Amino acid sequence: MAGGTDNGLSVPCAWIADMTKDDDIQQAPEGSAELWIGAVPSLGPGGRDVFLGLGSHADEPGARLARLLLDRGHEGEEGVFYLLPEDLAARYERTGDRLAVTLLARRDVLAHSLRARPEEERVLPGALPSDPLDADRVVLLRRELTTGFVPVEQGGEFQPVLLVDHSAGPGAGPEELIALFEEGEAGIAVLNAELLPDRA
C-alpha cells in the first residue's frame, strides 16, 4: 500500500496551511472532533482539502473504533497513511450551504479487528447506527460545516478526506496541529470518499 497505489490515491507529504475563514471552521458539538477545509500547497496552487480531526481524547464509540482501524493503515510518504476503502471510507453530502462528512466502516472489518480485543471494545459497533445506504457498514462519525466548498472529482474519483490523527485537546486549532505534525505527534490517513447528490 505504500505510496497509495493500492487504493488509487497518491497524495504528497504535506500539511495544513492557509486555512479558510473562521466561518468555514466548526467545532464538533461534542468537542471530540473537528471538520475544516484548508490548502495543501504541494497539491497545487489554490487547492483545498477536507480535513476531519480525530483526537486521542475522543471517547465516543465511533472515534475509538476509527483509531483502531488506523492501525491497519500503512505509511506512504512520511506522515501520510493509506487505508483500503473497505477498511475505512468517507462520504460527502451537500445540503444547501452545508457540507457533511461521514466516516464509515464495514462490520466485517471491525469484527476482524476486534476479535482479540477486550469485550468492552468488541461490543462498540452495536452502539453505532447502520449506514442508511449499506447495511453492511456502520457510521463512525458525522461532522458538518457551513461552506460553499464542493469536493473535486478527477478521473471518476472524488478528492479524499484527510483524517487527522492527533493528540491535542478538543480545542486545538490548525496551528497547534501543524506543530504536532512537525514533531511527529500527528499524522494523516488518506480516505477514499464518495459524494451524494446535493439534496437542496
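Rule-based calculations on the coordinates, nothing more; no lab input. Worth saying up front: this structure is predicted, and the values here are computed from it rather than measured. Heads up, the Cβs are rebuilt from the backbone with ideal geometry, glycines too, and the neighbour counts pull from every protein chain shown.
Give the peptides 155-161, 86-92 in descending order of average Cβ contacts within 10 Å, highest first.
86-92, 155-161
What's the FRET efficiency of ASP71 with ASP198 using the Cβ-Cβ distance as r and R₀ = 30 Å, to the nearest 0.05?
0.30
Kirkwood hydrodynamic radius of segment 47-163 from all distinct Cα pairs, in Å?
So the Kirkwood estimate lands at 15.2 Å.
Suppose the chain between SER167 and GLN154 were pulled fully straight at 0.36 nm per residue; how much longer would it get relative to their current alpha carbon spacing?
1.4 nm
Just order 113-120, 145-152 by mean Cβ neighbour count inside 10 Å, highest at the front, would you?
Numbers: 113-120: 10.5, 145-152: 15.8.
The densest-packed peptide leads the list: 145-152, 113-120.
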